[in-house]
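The structure appears below as structure tokens.
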Amino acid sequence: MVNYKQFYEDACDLYFKHKHKHQTDDWEQEYFDDMGAKYDNGEHMCLIHIFYSDDDTIGDVVQKTLEDLQGKKLITATCFDDESLDATIAVMLVQRSLL
């Protein structure tokens, strides 16, 4: 059973922890890996997009998110902003396919 409040807190806390702790090019991947380690299992998996306003449009954000969700059952999701990077972070937990 997923604790939805904990999922939101982990999504935000781990993001900002990695962003500030690691000033390397790999901090985003380390964030993805930590969320996956915490939430990926036989029942569900974590999908994450980080959208930067200088590279992505609102249409890009919506399109990429919808493509990720197509054919999947959404369990929970959260979205938050990182104003210092002018970025939006979308974190979704989806049911794993049985196929």
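Computed from the coordinates by the stated procedures, all read-outs in this text should not be read as laboratory data. Keep in mind that this is a model prediction, so the values were computed, not measured. Cβ: placed from backbone, ideal geometry, glycine included. Neighbour counts: every protein chain shown.
Pull up the cross-link candidates among the aspartates and glutamates for LYS5, meaning alpha carbon to alpha carbon under 15 Å and not fewer than 8 places away within one chain. Candidates past the 8-residue exclusion: ASP13. Modelled this way, with points 7 Å down the Cα-to-C-beta line, the labels at ASP86 and CYS12 are 2.4 nm from one another. Placing a label point 7 Å from the Cα of ASN41 along the Cα-to-Cβ direction, the residues of region 1-21 whose backbone N falls under 18 Å of that point are 1-11. Counting only alpha carbon atoms, the long axis of helix 27-39 and the longest principal axis of the chain meet at about 20°. Using R0 = 22 Å, the C-beta based FRET efficiency linking HIS20 and LYS64 works out to 0.30. Here the dipole of region 4-95 is about 500 debye; that uses its Cα centre as origin and unit charges on the Cβ of Lys and Arg (positive) and Asp and Glu (negative). An ellipsoid equivalent to the chain, defined through the eigenvalues of its Cα gyration tensor, has semi-axes of 22, 17, 11 Å when rounded to whole angstrom and sorted largest first.
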